[in-house]
Structure formats: structure tokens, C-alpha cells
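Working notes for the structure below.
The values are calculated or read from the model by the stated rules, or taken from the named source; none is laboratory data. Please read these numbers as outputs of a predicted model, since none were measured by experiment. All Cβ positions, glycine included, derive from the backbone under ideal geometry; neighbour counts span all protein chains shown.
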Amino acid sequence: MKELPTPTIDLSPIALPRGLLHPSRNESSAHVEAKTIERSSISVSWAQHQDEVRAAQRLRYDIFAGEMGARISSSIAGHDIDLFDDYCEHLIVRNQDTQEVVGTYRVLTPAQSKRLGGNYTDTEFDLTRLRGLRERMVELGRSCVHPDYRQGAVIMALWGALAEFMVRNNLDTMIGCASIPMLHNGVVSGQAAASIWSQLKQTHLAPIELQVWPRLALPVEQFDTQAKVEPPALIKGYLRLGAKILGAPAWDPDFNTADLPMLMRIADLPSRYRKHFLGA
């Protein structure tokens, strides 16, 4: 099985390059197994080989294309693949009995973002005001969970592994695009996203020095924002963890989503979640 690529130099004085974020080859198997967090019948671990990444990309395709109606052009049929994948760490959750991948996140470290010249969120938003955070900021993306496993255990396992990853690698800030589906009953509409933005900017908007601007803005002014619409479960989960909205949503026509820019800091984790995820 082909190993994931590893750069030969460390491009960031803070974050480690790919490959060094995982246990080294001379670590005992017992120590490697200790890195896996178990929640009943599921386990979460970092992908070590390309076949594991391919399994995550197949799950992403099934959900984004099959469930959300995204238009995905990929080098491998039935997989969601883009240029960022080879530079990311991939976190995967498996059903321990079947070994099926049922949840995934990808994580772009500061070193790899510098190597690429930016991250995925840069393609949707002007992140100029976040430049002072980049040395210790990771990007979370392509989050998805199989429909049969959306009761909370999978996402809690993913967040626990992410929190441990951040602390272990001396990283403190996470950013990403939180998607709001725009496809409803076969019709694409920004009504729900505009209403959610109207609500959340009143309660969870970041201070102005951290706000960003969409490159292709959702025309929220064209929609009635008075109707109360519940945010997707993932966004509500981020907000419970202390996340902030960085600005108005961008429109992603390929994925049929409106994307909210979000930022979360380890220091802002409420005490109950800090204890749950970090034991502190």
C-alpha cells in the first residue's frame, strides 16, 4: 500500500510536517493502538495509507454527490478528490465490526498550508485579517458522517481526536467552511442559509478584527430572513464548542451549499468540553 507523501523539510517553525504527526515506525504496536479512541462499536484513527484515504473519499462522494447533489469532477469515479487531499491529514471513523468508514475529517496543518500557498477556505473567503493566526491555525474540512451514524457518537469521537491532535502539536486555532445545504425538494435556494446567517450574526459573530469576506457572496439581501430556521447540527455543535462566525456566507454552486466561515480556539472550549476531550 502506498504511503502518503512526506515533505523533506519543515516549512513552519510551529507545526510539524506530514508524517511526523503520527507515531514513528519504531514505536510499539501497543503505543500505536493507544492512539485510537474507541466509542462502543466505533474507532477513530489517522489514515496512514492511501487506501484509507480512498475509503474516506468514497464516503465523501456518497454524501456530497448522492445526498446533497454536488457536481464533483474527480480523477477517480465515485470519489471526492481535490488538490488539497494529498497535503492533508485524514481522520477516519470506522465501524469496528465491519471496518466500514462511517465518518471523516481532513486537516490541513500550517506547514502544509504554507507549502500549498494557502488553504481551501482561502478559495472562498478573503482571510487577510487572520494572517497573524496562521502559524498555529489548522483548517478543518470535508466533514461528513454516514446517515446511519448521525446520533452524536461519531462526531464526538472525531472532535476528541482533533482536540488531542491540536494540543499535542502546539496548535490553538481551527478554521473551516461550515456548509448549509441549498437543495430542497429538487430546488436550489438560499432562503435557509440567509435566515441562519441573520440569526447567528446577532449572537455568534466574531469581533471585527477577525471578520472575513466571501469571494462569491450569497445574495442574502434577496431573501426573507424573518423565518426562524434551525442551523445544521454540525454548526450548532461548533457553536456549543465556542466557535465564532467570521462573516457572511459564500455561495458554492458546485456543492449546492452556502458556506459560513467559522473559527474555533482551544482556549475558548467551555470547561465541560475541555474536561471531556482533554481531561483538563
Regarding Val145, is this residue at pLDDT below 95 and not polar (S, T, N, Q)?
yes
Can you work out which of the residues in segment 103-126 that are of a type in the set (A, V, I, L, M, F, W, C) and surrounded by 22 or more Cβ atoms within 10 Å (Cβ to Cβ) is nearest to the chain's Cα centre (by Cα)?
Val107
Please pick out the residue among Arg240, Arg265 that is out of contact with any helix residue (DSSP H, G or I) (no Cβ under 7 Å at 6 or more places or on another chain), surrounded by 15 or more Cβ atoms within 10 Å (Cβ to Cβ) and farther than 12 Å from Ile180 by Cβ.
Arg265
Among the residues that make up segment 156-174, is at least one of them touching an Asp or Glu at 6+ places or on another chain (Cβ under 7 Å) and of a type outside the set (A, V, I, L, M, F, W, C)?
no
Looking at segment 60-92 only, could you name the residues that are among the hydrophobic types (A, V, I, L, M, F, W, C) and in contact with a Pro (Cβ under 9 Å, 6 or more places away or on another chain)?
Ile63, Met68
Kindly list, by first and then second residue, each pair from a residue in segment 152-166 that is hydrophobic (A, V, I, L, M, F, W, C) to a residue that is at pLDDT 90 or above and part of a helix (DSSP H, G or I), limited to pairs with Cβ atoms under 8 Å and residues at least 6 apart or on different chains.
Ile155/Gly237; Trp159/Gly237; Ala163/Ile266; Met166/Ile266
Identify, by number, the condition in (1) closer than 22 Å to Leu260 by Cβ; (2) surrounded by fewer than 22 Cβ atoms within 10 Å (Cβ to Cβ); (3) aromatic (Phe, Trp, Tyr) that Tyr149 doesn't meet.
(1)
Kindly check whether there is at least one residue in segment 132-143 that is buried (at least 20 other Cβ atoms within 10 Å of the Cβ) and at positive phi.
yes
Mind checking which residues of segment 196-215 are surrounded by 12 or more Cβ atoms within 10 Å (Cβ to Cβ) and either under 15 Å from Met182 (Cα atoms) or free of Cβ contacts under 8 Å to residues at least 24 places away in the same chain (or both)?
Ile196, Trp197
Which residue out of Gly279, Gly242, Gly247, Gly237 is without any contact (Cβ under 8 Å) to a residue 40 or more places away in the chain, closer than 25 Å to Ser113 by Cβ and among the small types (Gly, Ala, Ser)?
Gly242
Which ones in segment 204-252 are farther than 20 Å from Thr121 by Cβ and polar (S, T, N, Q)?
Gln222, Thr225, Gln226
